[in-house]
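The values are calculated or read from the model by the stated rules, or taken from the named source; none is laboratory data. Keep in mind it's a predicted model, so treat the numbers as computed, not measured. Here the Cβ positions follow ideal geometry from the backbone for every residue, glycine too, while neighbour counts run over all protein chains shown.
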Amino acid sequence: MPFRIKVSLFVIAFLVVLVFVVPMLVPVPAAPGTQPLAALARNAEYVNVAGVDLHVQVFPADGPEAPGAEPLFVLLHDYAFSSYTFAEFGPVLTAYGTAVAFDRPGFGLSERPLPSSGRYDVGFDPYTSEAQVRLTVGLLDQLGAGEAILIGNGVGGRVALEVAMAHPERVAGLVLLSTPAFVADGREAPGWFLNSPQMRKLGPVFLRQLAEAPGEQLLLGAFHDDAVVTDELRAAHAVTTSVDDWDRALWEISRVGRAPSLEGRLDGVGVPVLVVAGEPDTSFPAEDAERLTAELRNAQLVTLSGCGRIPQLECPEVLTDVLHDWLTATGLASRR
C-alpha cells in the first residue's frame with residue numbers, strides 16, 4: 001500500500017476516534033451552581049400530568065363565585081422564560097376568572113424528565129411540540145376544566161395554536177403575544193447529529209453559556225426598554241438555570257428542533273383570537289403579525305408601541321386595556 005494512502009487512512013481513523021470515541025471517554029461534570037429541584041421548590045405548587053410534575057401558579061377568581069369560576073385562563077410562557085413572566089399579569093385576570101400559569105418541562109420549576117438508554121420513564125418525550133399539546137390538555141383535565149382561554153407568549157403562543165387545532169373543543173379563545181407561527185422547518189443542525197450519543201453528552205455543555213452573559217443578552221433582548229429588567233426579574237429568570245440538569249433538559253428541547261410552520265393550517269381555528277405585537281420587536285416583525293391575523297378566521301390584531309416580546313411584563317397596563325376590550329367585544333368574559 002502506498003505511503004500516502006497509509007497516511008490518509010491514519011488521518012481518517014484519527015479523526016473518527018477524535019469525533020466519535022473521545023467525547024464518550026471525557027467525563028463531563030455537572031453544571032456548576034445548581035441545586036436539586038426539591039430544594040428550590042419547597043413552597044411550589046404542582047400538578048402531575050401524564051407522569052410529569054408541572055409547576056403551576058394559580059390565581060383564583062375574585063368575588064363570591066370564585067370556586068370553579070369561568071372562564072379559566074391558561075398562561076403559556078415563551079422559550080427560555082417561565083411562568084414568572086405572568087406573575088404580575090395573572091392577578092389582573094382574576095377580575096374575569098381563574099388563571100393558571102405553568103412551567104413547560106425544561107423551564108422554571110417543572111420536573112425535567114431525562115432519557116435512559118433513549119427512553120423516558122414517563123413513556124413519551126415530554127419536550128416535543130406534540131407533548132406540549134398533550135400536557136396542556138392534560139392540565140385542563142386535571143383542573144376539571146372543559147375549556148379555557150389560552151394566553152400564549154412567543155413559543156407558548158405556538159403551543160396554544162396547536163392545542164386549538166388538535167382539540168378545538170377545549171379552547172374558548174386565544175390570546176397570542178408575539179407568537180411566531182411561520183418559522184422555517186427543520187433544525188439548526190441535522191437530527192442525526194443532534195441525537196448522536198456524542199452530542200447528547202456534550203451538547204448540554206455548549207448550552208451552559210445561557211447561565212452567563214449570553215443568557216443575560218437573551219433576557220434583555222426581549223424588552224424594548226432594558227430598564228424594565230430589574231434585579232427581581234433577573235433572579236426569577238435565573239431559576240431555570242439553577243436547577244440540577246437544566247442544561248441536559250434544555251438540550252433535549254434543542255435536539256427536538258423547530259416546530260413546523262403553521263402556514264396554510266390555521267383556517268380550522270374558528271375561536272376568537274387576539275393577536276398582540278410589540279413595536280418595534282425584531283423577533284416578531286409586524287408583517288408576521290399581520291399574516292397570522294389574516295390566516296386566522298376570527299382574529300384581531302393590536303400593536304403595542306414601545307413594547308418588546310414580553311408585553312405582560314413591559315406594557316401590562318396597555319395590555320390589560322386591550323384584553324378587556326377584546327374579552328368584552330367577544331363576549332368571552334366580563335369584569336366580575
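Among the residues of the range 278-299, those that are surrounded by fewer than 17 Cβ atoms within 10 Å (Cβ to Cβ) and either in contact with a Phe, Trp or Tyr (Cβ under 6 Å, 6 or more places away or on another chain) or among the small types (Gly, Ala, Ser) (or both) comprise SER283, ALA286, ALA294. Report whether or not LEU319 is among the hydrophobic types (A, V, I, L, M, F, W, C), out of contact with any Ser or Thr (no Cβ under 9 Å at 6 or more places or on another chain), crowded, with 18+ Cβ neighbours inside 10 Å and under 18 Å from PHE81 (Cβ atoms). Spelling it out, LEU319 is indeed among the hydrophobic types (A, V, I, L, M, F, W, C), out of contact with any Ser or Thr (no Cβ under 9 Å at 6 or more places or on another chain), crowded, with 18+ Cβ neighbours inside 10 Å and under 18 Å from PHE81 (Cβ atoms).
Please determine whether any residue of the range 303-316 is farther than 20 Å from ARG158 by Cβ, modelled with pLDDT of 95 or more, of a type outside the set (A, V, I, L, M, F, W, C) and not in a loop (DSSP other than H, G, I, E, B). So far as the range 303-316 goes, yes, one or more of its residues are farther than 20 Å from ARG158 by Cβ, modelled with pLDDT of 95 or more, of a type outside the set (A, V, I, L, M, F, W, C) and not in a loop (DSSP other than H, G, I, E, B). Per the listing SER129, SER117, SER83, the residue uniquely out of contact with any helix residue (DSSP H, G or I) (no Cβ under 8 Å at 6 or more places or on another chain), under 26 Å from ARG208 (Cα atoms) and modelled with pLDDT under 95 is SER117.
Does GLU287 satisfy the condition of being part of a loop (DSSP other than H, G, I, E, B) and of a type in the set (Asp, Glu)? The answer is no for GLU287. Put simply, of VAL302, VAL269, VAL275, VAL256 the only residue that is surrounded by 14 or more Cβ atoms within 10 Å (Cβ to Cβ), of a type in the set (A, V, I, L, M, F, W, C), touching a strand residue (DSSP E or B) at 6+ places or on another chain (Cβ under 7 Å) and in contact (Cβ under 8 Å) with a residue 40 or more places away in the chain is VAL275. For the range 211-248, a residue qualifies if it is surrounded by fewer than 12 Cβ atoms within 10 Å (Cβ to Cβ) and among the hydroxyl-bearing types (Ser, Thr, Tyr), and exactly one does: THR230.
Which residues, counting only those in the range 151-204, are outside any loop (DSSP other than H, G, I, E, B), modelled with pLDDT under 85 and not basic (Lys, Arg)? Those that are outside any loop (DSSP other than H, G, I, E, B), modelled with pLDDT under 85 and not basic (Lys, Arg): GLY191, TRP192, PHE193, LEU194, PRO197, GLN198, MET199, LEU202, GLY203. In the range 318-327, is there at least one residue being under 23 Å from GLY221 (Cα atoms), of a type outside the set (D, E, K, R) and without any contact (Cβ under 8 Å) to a residue 24 or more places away in the chain? There is at least one residue in the range 318-327 that is under 23 Å from GLY221 (Cα atoms), of a type outside the set (D, E, K, R) and without any contact (Cβ under 8 Å) to a residue 24 or more places away in the chain. Being aliphatic (A, V, I, L, M), in a loop (DSSP other than H, G, I, E, B) and over 30 Å from ARG200 (Cβ atoms) is the requirement here; does LEU266 meet it? Answer is yes for this residue. Among SER116, SER178, which is among the polar types (S, T, N, Q) and surrounded by fewer than 24 Cβ atoms within 10 Å (Cβ to Cβ)? After ruling out the rest, the residue left standing is SER116. Evaluation of HIS324 against the conditions (1) surrounded by fewer than 18 Cβ atoms within 10 Å (Cβ to Cβ); (2) touching an Asp or Glu at 6+ places or on another chain (Cβ under 8 Å) shows that the sole unmet condition is (2).
For the range 220-240, the candidate set comprises residues that are assigned to a helix (DSSP H, G or I) and over 18 Å from ASN153 (Cα atoms); within that set, the residue that is modelled with the lowest pLDDT is ASP226. Residues in the range 102-125 that are among the hydroxyl-bearing types (Ser, Thr, Tyr) and either touching a residue at least 60 places away in the same chain (Cβ under 8 Å) or assigned to a loop (DSSP other than H, G, I, E, B) (or both): SER110, SER117, TYR120.
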